Every structure is written in structure tokens, then in C-alpha cells.
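Asks: First, the structure itself, so that you have it in front of you.
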Amino acid sequence: MWCTMEYIDDVFLSVLRSKIFKNRDALSPDYIPEVLPHRESQIRRLGGILAHALKGSKPGNVFIYGLTGTGKTAVTKFVLRRLTLKARELNVAVKYAYINCRQSDTPYRVLADIAEALGIRVPFTGLSIAEVYRRILRGLNEYKGVFIIVLDELDSLIKRKGDDILYKLLRVNEEGIEVKVSLICITNDVKLLEILDPRVRSSLGEEEIIFPPYNALELRDILLFRAKEAFNDGVLEEDVIPLCAALAAKEHGDARRALDLLRVAGEIAERENSDKVTCEHVKKAYSEIEKNTTLEVVKSLPLQAKIVLHAILLLEEKNVKPITTGHIYSVYTNLCKVIGVSCLTQRRISDIISQLDTLGLISAEIVSRGRYGRTRVVKINVDRKILVEALKDWRSITH
């Protein structure tokens, strides 16, 4: 027992005495710095749209598109925080509610978060959606200002629960209340508008802002700025930041991945009681993050997606080449029979393959087969051993 306590105390002390970090939080994806390099045009555009709130007018609705880690959330929060500060200076009533639809993943939770932003207490469960909506309308009527609702990762909610909640929020301004409500919808899916109900699309009247991926040089600038806040002087070896930027640039210019790499590299150096963060620490961090991310993503997949992924793994084990949608569906239906799960249609399985492709777990390339039409050729994109480990809890049932 004493050895265990002593060991834990040593771990605590190594962090407390660390010469690596000055402000580790500066590398968190939730941290909003004072400067957002290479997003000036997006900041100006969003700021110009929302500035009408400072006159007490309703800003236009905004749709923000871009891949993960392209600065969509950071820019939105950056602009909104400055907007509300300016509104206070001018004595104008402006509030906003930020909702991450991957975390608040039901219409009820979305409405409950909006109510909370208005100072209305709503139980975690127990009320009807209609009742929560009525309470929000009463709260908005009492507020009588400009209220901006941010729906981040909206695609995850729409694809699971439909767009009724979006239609309801778009209708708030027609409820005869003295408030101006605007929506900011943030999504990774550039085709999200295409799957919305025509009534929702027509009500949006949205402005669109596109966030392109960062290149390696832009990521390097972002990391250099954050590193000044995060690390003590002189602890980063010269090639650490360029290596983090280059690795993240290979993965669609993901600034979150670049920041995670730098942070985890620092944590590894800290655990090893090193005075410097080296490229070796970055390489170890890359392996650690790759494994952890894949495990987390696979474990969080719905059951049907896990079955599809398992089918692809089985086809690889049998050395089937190329692996097509037809092969996958055949193995998938057999797996469903073994574990007693209802089969989805081949079209729905095709949608799941697209989702797995979007997550980066597989690549699904459409190829022409001449007069036999087109099909998808599927390959696993990540370390197969990690997938096996992530699925091992229920894979054994089918073997």
C-alpha cells in the first residue's frame, strides 16, 4: 500500500515540478485565444452579419461549413464573445446559446440548453417538448432582445432525429413575441442542406461561410502562437512544431489534431522527466493519439455500424479483393443472423459505409464496372489491430 501511495505522490510531484508547461490549457480545443491566425476573412464575414444585433436588429441566419479542426467553433465563439461585450458597452440586449448537438443529442436536450441560456430551469427529463418550447417562448418574450442560437455539429442531430427541431426554432420569430432570434448552424457536412425539408430550407434564408482546411504553414503559425502561451521558454526543440504541423496537414489540415499532438508530446516529455520536448516525443504522441482516437470512435459507433465494420474486417481476413458493397452486405446479413439482429436494407448499409468513410475508418472509392454499373471498393484506413481490439467485446460472439 505504501509503495502505491509513494508512486502516486511521485507522479503528482513530477507534474507540479514540471519545467515543460506554463499554461497547458492554451492547447485545449476549447481554449479561445486572443488571435486566430488565418481566419481573418471568416471573422470579418461573421462579424459583419452579426453586427446588426448591435442596432437591435435580427441578424441573418448563418450556415458554417468545414472539416473538423478548421476553426469553425473557435471563430464563432470568438466573434460572439466580442459581440456580447460590445453590446454591453452600448447597452443593447444581446445573448447567445451555444449547443453542441453531438453532446445534446436529442431535441429535448437542445431545447433544455436554450432554456438554460435564458435562465429557465428545465428538468433533465419529464416534460414534453411542447412544454419546454412554451417555456422558452415565455422567456424570450420577457427578454425582448436579440437572441442567437448556435447549433454546432448539427449534422449529427439531423441525421439521427430529423429536422423538426430546426423547423421549430426557425418559426420562433413568427410566434408574435418581442424578440429577434437568429440561428448559426455549424456542420462538417457540406451536403446537409440537401437533406433538409424544403420548408426548413426556405425558412433559413441563410448566409454561408466556408472554412477551408489549414495547410502545413498555417498550422505552424497556429502552433507557434499557442506554444508561446502553453510552454516555458526554450523547452521545445526546433523541429517539434514543424513536425506536428506536417503530420496534422496530412489529415485534412486539422488544427485540433495539431494541438493535441503538441500537448500530448509535452505530457509524454513531462512523464519522462525530460527538460525538452523532442521529435521523438511527437512520434510517440502520434501513435498514442491514433490508437486512442480510433478506439473511441469505433466503441461509440451504433451496433449496425459495428456489424458492417466487422464484416469488412472478416473480408480482409479472408483476403477478398476487391471488397465491394455486395461482398460486405452478404457477410453483414450472415452476421445479423448469428447475433439475432434485424438486417437493414442494402441502401442503408451503403449509407453506413459512407459514414465510416467520413470518419476516416475506411476508404470507399466508387469505381466503374462498365456495363455492370458502378460499385464501391472498400479498404480499411486505420491499424487493423486497433479495430480488432475495439470490437473484441462482441466479435467473439460471431466466431
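The values are calculated or read from the model by the stated rules, or taken from the named source; none is laboratory data. Just so it is clear, the structure is predicted and the values come from calculations on it, not from any experiment. Neighbour counts run over all protein chains shown; Cβ positions are idealised from the backbone, glycine included.
Asks: For the list (1) part of a helix (DSSP H, G or I); (2) at pLDDT 85 or above, I need the number of the one condition that Val181 fails.
Replies: For Val181, the failing item is (1).
Asks: Another question, then. Surrounded by 15 or more Cβ atoms within 10 Å (Cβ to Cβ) and within 16 Å of Leu170 (Cα to Cα): is that true of Ile120 in this structure?
Replies: No: the conditions fail for Ile120.
Asks: Applying the selection to region 139-161, what residues are in contact (Cβ under 8 Å) with a residue 12 or more places away in the chain and over 25 Å from the mean Cα position of the chain (by Cα)?
Replies: Gly139, Leu140, Asn141, Tyr143, Lys144, Gly145, Val146
Asks: Something else about it: Test of understanding: among Leu169, Leu243, Leu193, which residue is in contact (Cβ under 8 Å) with a residue 12 or more places away in the chain, assigned by TED's automatic domain parsing to the domain that holds Ala285 and either in a helix (DSSP H, G or I) or surrounded by fewer than 20 Cβ atoms within 10 Å (Cβ to Cβ) (or both)?
Replies: Among Leu169, Leu243, Leu193, only Leu243 is in contact (Cβ under 8 Å) with a residue 12 or more places away in the chain, assigned by TED's automatic domain parsing to the domain that holds Ala285 and either in a helix (DSSP H, G or I) or surrounded by fewer than 20 Cβ atoms within 10 Å (Cβ to Cβ) (or both).
Asks: Please specify each residue of region 273-321 satisfying the condition of being acidic (Asp, Glu), in the same structural domain as Val367 (by TED's automatic domain parsing) and in contact (Cβ under 8 Å) with a residue 12 or more places away in the chain.
Replies: Once the filter is applied, which keeps residues that are acidic (Asp, Glu), in the same structural domain as Val367 (by TED's automatic domain parsing) and in contact (Cβ under 8 Å) with a residue 12 or more places away in the chain, region 273-321 yields only Glu316.
Asks: Which of the residues belonging to region 322-347 are part of a helix (DSSP H, G or I), within 30 Å of the chain's Cα centre (by Cα) and surrounded by fewer than 12 Cβ atoms within 10 Å (Cβ to Cβ)?
Replies: Residue satisfying the conditions is Arg347 alone.
Asks: Select from region 18-45 the residues that are hydrophobic (A, V, I, L, M, F, W, C) and within 20 Å of the chain's Cα centre (by Cα) and write down the one among them that is farthest from Ala230 (Cα to Cα).
Replies: Among residues in region 18-45 that are hydrophobic (A, V, I, L, M, F, W, C) and within 20 Å of the chain's Cα centre (by Cα), the one farthest from Ala230 (Cα to Cα) is Ile43.
Asks: Another question, then. Here's a check for you: in region 217-233, which residue that is in contact (Cβ under 8 Å) with a residue 12 or more places away in the chain and not in a helix (DSSP H, G or I) is nearest to Asn23 (Cα to Cα)?
Replies: Phe231
Asks: Here's another thing I want to ask about it. Of these, Lys283, Lys306, which one is within 30 Å of Glu237 (Cα to Cα), part of a helix (DSSP H, G or I) and among the charged types (D, E, K, R)?
Replies: One residue alone meets the criteria, Lys283.
Asks: Can you report the number of residues in region 17-32 which are of a type outside the set (Ser, Thr, Tyr) and modelled with pLDDT of 90 or more?
Replies: The qualifying residues number 9.
Asks: I've got another one for you. Give just the number: which of (1) assigned by TED's automatic domain parsing to the domain that holds Leu46; (2) free of Cβ contacts under 8 Å to residues at least 24 places away in the same chain does Val200 not satisfy?
Replies: Going through the list (1) assigned by TED's automatic domain parsing to the domain that holds Leu46; (2) free of Cβ contacts under 8 Å to residues at least 24 places away in the same chain, Val200 breaks only (2).
Asks: When you look at Glu267, is it touching a helix residue (DSSP H, G or I) at 6+ places or on another chain (Cβ under 9 Å), farther than 30 Å from Thr375 by Cα and in a helix (DSSP H, G or I), yes or no?
Replies: Answer is yes for this residue.
Asks: While we're looking at this one, here's another question. Give the residue that is surrounded by the most Cβ atoms within 10 Å (Cβ to Cβ), with candidates limited to residues of region 196-216 that are in a strand (DSSP E or B) and not β-branched (Val, Ile, Thr).
Replies: This residue is Phe211.
Asks: Here is a follow-up. Restricting attention to region 204-260, which residues are of a type in the set (Gly, Ala, Ser) and touching a Ser or Thr at 6+ places or on another chain (Cβ under 8 Å)?
Replies: Gly253, Ala255 - these are the residues of region 204-260 that are of a type in the set (Gly, Ala, Ser) and touching a Ser or Thr at 6+ places or on another chain (Cβ under 8 Å).
Asks: Something else now. Could you please let me know if Leu67 is at negative phi, among the hydrophobic types (A, V, I, L, M, F, W, C) and in contact with a Leu (Cβ under 8 Å, 6 or more places away or on another chain)?
Replies: no
Asks: Please enumerate the residues belonging to region 247-284 that are small (Gly, Ala, Ser) and loosely packed, with under 15 Cβ neighbours inside 10 Å.
Replies: none
Asks: Does region 73-101 hold any residues that are of a type in the set (Gly, Ala, Ser) and in a loop (DSSP other than H, G, I, E, B), and which are they?
Replies: The one that is of a type in the set (Gly, Ala, Ser) and in a loop (DSSP other than H, G, I, E, B): Ala93.
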